[in-house]
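Colleague: Structure below; questions to follow.
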Amino acid sequence: MTAESQGRLQVARLYEMTEDKGIRDMLGFLLARDTQHQLQWIEAIKELEEKEGVVVPGQVPEKYEVNDVSHVLYNFSEGNDSKKVVDGKTAKDGKEFIYKDKPEVMGEKPVLKPVTKDVYNTSSMD
């Protein structure tokens, strides 16, 4: 939970630092995925929750997220063992989990500019 929360915090800070729609779309997607990851952790540690409770930071405005992916568990593994984690369950925020057995590509293949050789080289120690 802590690692997911730290990542979410950094992405939220970056989101607030830019007005670029493309960057915000990407960061919104990352925020939504962090939401799903946090919700998965909550489901996985219910035993601890009964004893001590689990606090999931909720300070990041939901409007930043790409809501279509915030409660989706994408299965990138063989088999459907992960389905039981979310199948038929409702998240702490009251929204239903969705299980995607075969995730689909969501964007176009990027066209990247080549980088200069110095990007991969380390500087001389002399």
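Each reported figure results from applying straightforward, stated rules to the coordinates on display, with no laboratory input. Bear in mind the structure is a predicted one, so any value in this text is a computation, not a measurement. Positions of Cβ are generated from backbone atoms using ideal geometry, with glycine treated the same way; all protein chains shown enter the neighbour counts.
Colleague: Pairs please, first residue from region 1-28 and over 23 Å from M106 (Cα atoms), second anywhere and in a helix (DSSP H, G or I) and of a type in the set (F, W, Y), Cβ atoms under 7 Å, 6+ apart in sequence or on different chains.
Modeller: Short answer, once both residue conditions are applied: M1/W41.
Colleague: Taking the condition of being farther than 18 Å from Y74 by Cα and among the aromatic types (F, W, Y), how many residues in region 15-46 meet it?
Modeller: Number of matching residues: 1.
Colleague: Out of the residues in region 1-45 meeting the condition of being outside any helix (DSSP H, G or I) and either within 14 Å of the chain's Cα centre (by Cα) or of a type outside the set (S, T, Y) (or both), tell me which one is surrounded by the fewest Cβ atoms within 10 Å (Cβ to Cβ).
Modeller: Result: E19.
Colleague: Where residues in region 75-126 are among the hydroxyl-bearing types (S, T, Y) and in a loop (DSSP other than H, G, I, E, B), which of them is nearest to Q38 (Cα to Cα)? Don't jump to the end; show me each part of the working.
Modeller: First pass over region 75-126, keeping only residues among the hydroxyl-bearing types (S, T, Y): 77, 82, 90, 99, 116, 120, 122-124.
Add one more test, that the residue is in a loop (DSSP other than H, G, I, E, B), and what stays is 77, 82, 116, 120, 122-124.
Working: S77: 19, S82: 15, T116: 38, Y120: 35, T122: 37, S123: 40, S124: 43 Å.
Out of the qualifying residues, it is S82.
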